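The values are calculated or read from the model by the stated rules, or taken from the named source; none is laboratory data. Nothing here was measured: the structure is a model prediction, and the numbers come from that model. Ideal geometry is used to build each Cβ from the backbone, glycine not excepted, and the neighbour counts take in all protein chains shown. Keep in mind that these areas ignore ligands, DNA and RNA; they rest on the heavy atoms of the full protein, side chains included. Shrake-Rupley method; radii C 1.70, N 1.55, O 1.52, S 1.80 Å.
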Amino acid sequence: MKTTANALSRIEYIILMSVVVAVDALAIDAILPALSFISNEFGVQDGNDRQFIVTSILMGYGFGVLVFGIASDSFGRKRPVYVGFAIFLIGTLVTIFASSFSMLIVGRALQGFGAAAPQIIPTAITRDLYKGRGMAQIMSLIMMVFMLVPAIAPLIGQGILMLTNWQGVFAMLGVYALFAWAWFSIRLPETLPIEKRVPFSFSQAWASIKEVLRNKQAVKFTIAEGLAFGAILAYLSTAQQIFQEHFELGDRFALYFGSLALVMMFASFVNSRLVEQIGMHKMVLRGAILLFFASCFYMIYIWLNDTSVPLWSFLIYASISYFCLGILFGNMHSLAMEEVGHVAGAAASVIGSFSTLMSVIIAAFIGSFYNDSVTPIVLGFGILMIPIIYITWKD
């Protein structure tokens, strides 16, 4: 790392990027314990409609990524992040003062649109400073620290609900965003020099997008990332229903959800240690194969038990799934970015936008089948691993 060497250490860089990237994850996971309160207050009739509180923020994020990543190639990495934080805070205010469920969804979409900048641009920043397996290692370490947020976010949300109402959770998100914004602004220097910036024009932006789309590796692993993210988003959008209602855990939901997030954090740590020796392709392939067979075996177990399974069995399956997904994510994104580093901002935009919007569609489809059973989630995980295995095997 060259540009930041005089400003902050490698450890501080990893922690800072993790805090900045975690804005979006915190906005998703901290609100999960409040979903039933929100749906009750606004009179949401269909229990599956509460999933829109989760998927709407990702929908806004998917469009925001396309804007901010490209902008970062022309205006530098930092200024678009500032704009993103500002939009996130506006969306937070909309959610706090929402007078209807539809207005709340609009606020969540604005949060997602704004969170796209601090979520996606750190990838371009890291690509400015690292390449190849070195980038994969740093991204895995960032993911490892970042995963502390979804591990503790539901506990934070649950704690706030004990003291105040669901609006208090959104207020906390605003305070966190302000803190991350200030740290990022003060400590991180600009990593894209003026002489390396691309003058903004729609024709130039489209040319950069086409360059990414013409790269076969970028396209293949963008699709793979969208499939994997679709699986985890389907789980996130139904987690409250699964733990609080299906398994009747009530307030203990946050503890179980958070413990599974720690599994993904451990997987990121393992990946950071092994990726230099084994390589990104083999790590992705092995993770996808393991998750596919775990899903097949658990589906057989579900059918043998007539769809009614004990909590302990689901926790074992979910732990294996989260471990595999932790292996997949850092590597797939690095593989998608590997050959398009010269247009890192545009690449981060196209890869992040397409994979996210793809994941929202997948998650909404899987979530619509939720019927007080874990079957749709397990079946979805298994099916989604098949094309990932094919893509990686053929590469």
Given labels modelled 7 Å from the Cα in the Cβ direction, how far is it in nm from Ile383 to Gln217? 3.2
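Stretch Trp312-Trp183 to full length: gain in nm at 0.36 nm per residue minus the Cα-Cα span? Please report the intermediate quantities before stating the final value.
Numbers: separation 129, 0.36 × 129 = 46.44 nm, distance 4.07 nm.
Separation in residues times 0.36 nm, less the Cα-Cα distance, equals 42.4 nm.
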Computed from the beta carbon distance with a Förster radius of 30 Å, FRET efficiency for Met162 and Ser368 to the nearest 0.05 stands at 0.40
Using a Förster distance of 25 Å, how high is the FRET efficiency between Asp46 and Ser99, based on the Cβ-Cβ distance and rounded to 0.05? 0.75
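Run the helix sum for the chain: -39,500 (n - 2.57) per DSSP H stretch of 4+ residues, divided by residue count, reported at 222 nm to the nearest 500 deg cm²/dmol. All intermediate terms of the calculation are to be shown ahead of the outcome.
On the way: 15 runs with 311 residues, N = 395.
When only DSSP H runs of four or more count, the value is -27000 deg cm²/dmol.
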What percent does the relative contact order of the chain come to when contacts are Cα pairs within less than 8 Å and at least six residues apart? 27
Between Cys296 and Glu245, what FRET efficiency comes out of the Förster formula 1/(1 + (r/R0)^6) with R0 = 25 Å and r the beta carbon distance, rounded to 0.05? 0.40
The rounded separation in angstrom of the Cα centers of the stretch 232-311 and the stretch 62-132 is 28
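Could you pull out the longest piece of the chain with no exposed loop trypsin sites (Lys or Arg not before Pro) in it, calling a site exposed if DSSP puts it outside H, G, I, E, B and it has at most 10 other Cβ atoms within 10 Å? Show your work: numbers first, answer last.
Values: sites that count: Lys2, Arg214.
By the stated rule (loop sites, at most 10 other Cβ atoms within 10 Å), 3-213.
Ignoring ligands, DNA and RNA, what percent of the 1.4 Å accessible area of the chain is carbon and sulfur?
Numbers: 10630 of 15540 Å².
Answer for the chain: carbon and sulfur cover 68 percent of the accessible area.
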Return the equivalent ellipsoid semi-axes of the stretch 323-395 as a descending list in whole Å, where each equals the square root of 5 times an eigenvalue of the C-alpha gyration tensor. 27, 15, 10
